[in-house]
Amino acid sequence: MQSFGARLVDPKAGSESRRGGAGPSDHKAMTIDGMTVMVPVHTAPAFESPYLVEKPDAFGRSRISREGRHVGHVSFPLRPHFYDLTTADGIPYSQIAVLHGRDVLATTVLQTCIRYQSRTKTCQFCAIGQSLAAGRTVAHKTPAQLAEVAKAAVDLDGVKHMVMTTGTPRGGDRGAAVLADSARAVKAAVDLPIQAQCEPPDDNVWYHRMRSAGVDALGMHLEVVTPELRQRIMPGKAQVPVESYLSAFRAAVPVFGRGQVSTYILAGLGDAAEAILSVCETLVAIGVYPFVVPFVPISGTPLESHPTPSPAFMHSILGPLSKMVVAGGLKATDIKAGCGKCGACSALSSYEKVLAS
Ligand code: SF4
């Protein structure tokens, strides 16, 4: 269902879905067989999905059918309690951070990005400006606001870790400074493992600064691995070549530890499975967890009609990749915080579990 998405009979089922924002979006969290996964529900492929999720019963459980045949059950995480709160200056907490998956608090600290200013530079899969334009979020979440919301999300909803991503600001730190400030404030308020996500900063000192501010894990996201494809799909971000990311990873892993640095790779945008697996081999050798997720188009972006990858294509990557990460001593379950630990956007951790069983 992660590839196809699902059609919902009741679009209001479960907690509010993610729409827009940085990274993959337009999903709704659903728990199937004890695993919480993000399933595309607002995208063109989802509207044509063979899977139909019926209106949930009083306990939040729904039946899933495919072509009229019952295939299973799904339950929706309930709306988090912290969504009902507002800051002293009247901003709803849900505009500062949102619940991802089952127990992850996620925020985009800076909702603006130097790469998003012009059509020629923007990453074609990204919608970071859309939720801002729609008034669903605030442009810059202050450290104090993030700390307030993080404390409430832990106290009221039992969130277990936090993802702080950011649009890329001007300046060589690439957002590391604002992430360090935010992490420091959150850690002062509540004991919550944090993953920060940014482009590689120009000075390795930022890895130490983020780590000592309380960032437990770091994501620097390649998204696409073939140079020509990077140039076409994300012309701004492609100015930082894959080789520079690899140097950044070599500098960051000794600071955060093996397996605590990760990257996000979007499968289905044109990279061959062999190309993805070859880069992943290098990443695993460095100690970087390669979180490969199926691409899901976001409505309103230049790639909104791009198809999602087939389950067979994902299997051809995740099968060998799971063996590679386990053999390299990198496991989703060992990650302190972040997307690799959450795992709701990719079946990679399920493949790892099968290997472990
Ligand atoms: S994997 Fe990352 S982006 Fe996906 S739901 Fe989990 S925290 Fe959010």
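The values are calculated or read from the model by the stated rules, or taken from the named source; none is laboratory data. Note that the coordinates shown come from a computational prediction; the quantities given were computed from them, not determined experimentally. Don't worry about glycine lacking a Cβ; one is built from the backbone with ideal geometry, like all the others, and counts go over all protein chains shown. Each accessible area value is taken on the protein alone, full model and side chains, heavy atoms only, with ligands, DNA and RNA left out. Shrake-Rupley method; radii C 1.70, N 1.55, O 1.52, S 1.80 Å.
Laid out as a table, the results:
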item	result
Single condition Asp203 does not satisfy, out of (1) within 25 Å of Asp181 (Cβ to Cβ); (2) within 22 Å of the chain's Cα centre (by Cα)	(2)
Identity of the residue in the stretch 265-312, of a type in the set (Val, Ile, Thr) and over 20 Å from Val325 (Cα atoms), that ends up surrounded by the fewest Cβ atoms within 10 Å (Cβ to Cβ)	Thr301
Some residue of the stretch 92-109 being farther than 24 Å from Pro297 by Cβ, out of contact with any Ser or Thr (no Cβ under 9 Å at 6 or more places or on another chain), touching a residue at least 12 places away in the same chain (Cβ under 8 Å) and of a type in the set (S, T, N, Q)	no
Members of the stretch 51-99 that are among the small types (Gly, Ala, Ser), under 30 Å from Gln145 (Cβ atoms) and more than 16 Å from the ligand (Cβ to nearest atom)	Gly60, Ala88, Gly90
Residue match in the stretch 112-123 (condition: at pLDDT 95 or above, of a type in the set (S, T, N, Q) and away from the ligand (no atom under 16 Å from the Cβ))	no
Residue list for the stretch 204-257, filter: open to solvent by 10 Å² or more (accessible area, probe 1.4 Å) and basic (Lys, Arg)	Arg209, Arg211, Arg232, Lys237, Arg250
First in the stretch 308-337 and farther than 17 Å from Ala217 by Cβ and touching a residue at least 12 places away in the same chain (Cβ under 8 Å), second anywhere and among the charged types (D, E, K, R) and surrounded by 16 or more Cβ atoms within 10 Å (Cβ to Cβ), Cβ under 8 Å, 6 or more apart	Ser322/Glu352; Val326/Glu352
Boolean, Gly175 is open to solvent by less than 30 Å² (accessible area, probe 1.4 Å), of a type in the set (Gly, Ala, Ser) and either within 16 Å of the ligand (Cβ to nearest atom) or more than 20 Å from the chain's Cα centre (by Cα) (or both)	no
Neighbours by Cβ (under 7 Å, 6+ apart or cross-chain): first from the stretch 158-177, within 30 Å of Arg79 (Cβ to Cβ); second in a helix (DSSP H, G or I) and open to solvent by less than 20 Å² (accessible area, probe 1.4 Å)	Val159/Ala153; Met162/Ala150; Met162/Val186; Met164/Leu179; Met164/Ser182; Met164/Ala183; Thr166/Leu179; Gly167/Ile128
The one condition in (1) assigned to a strand (DSSP E or B); (2) modelled with pLDDT under 75; (3) not small (Gly, Ala, Ser) that Thr36 fails to fulfil	(2)
The stretch 316-334 - residue that is away from the ligand (no atom under 11 Å from the Cβ) and open to solvent by less than 10 Å² (accessible area, probe 1.4 Å) and, of those, nearest to Ala106 (Cα to Cα)	Leu330
Residue list for the stretch 118-131, restricted to those being surrounded by 16 or more Cβ atoms within 10 Å (Cβ to Cβ) and either out of contact with any strand residue (DSSP E or B) (no Cβ under 9 Å at 6 or more places or on another chain) or in a loop (DSSP other than H, G, I, E, B) (or both)	Lys121, Thr122, Cys123, Gln124, Phe125, Cys126, Gly129
Some residue of the stretch 58-66 being touching a residue at least 12 places away in the same chain (Cβ under 8 Å) and either open to solvent by 80 Å² or more (accessible area, probe 1.4 Å) or touching a His at 6+ places or on another chain (Cβ under 6 Å) (or both)	yes
Residues satisfying the stated conditions in the stretch 302-350, i.e. touching a Gly at 6+ places or on another chain (Cβ under 9 Å) and over 30 Å from Leu192 (Cβ atoms)	His306, Pro307, Thr308, Pro309, Ser310, Phe313, Met314
Conditions (1) within 15 Å of the ligand (Cβ to nearest atom); (2) open to solvent by less than 50 Å² (accessible area, probe 1.4 Å); (3) assigned to a loop (DSSP other than H, G, I, E, B); number of the one not met by Arg102	(2)
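Here's the yes/no breakdown for (1) closer than 19 Å to Ala177 by Cβ; (2) in contact with a helix residue (DSSP H, G or I) (Cβ under 9 Å, 6 or more places away or on another chain); (3) among the hydrophobic types (A, V, I, L, M, F, W, C):
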site: Gln195; (1), (2), (3): yes, yes, no
site: Cys198; (1), (2), (3): yes, yes, yes
site: Tyr207; (1), (2), (3): yes, yes, no
site: Ala217; (1), (2), (3): yes, yes, yes
site: Gln231; (1), (2), (3): no, yes, no
site: Met234; (1), (2), (3): no, yes, yes
site: Ser244; (1), (2), (3): no, no, no
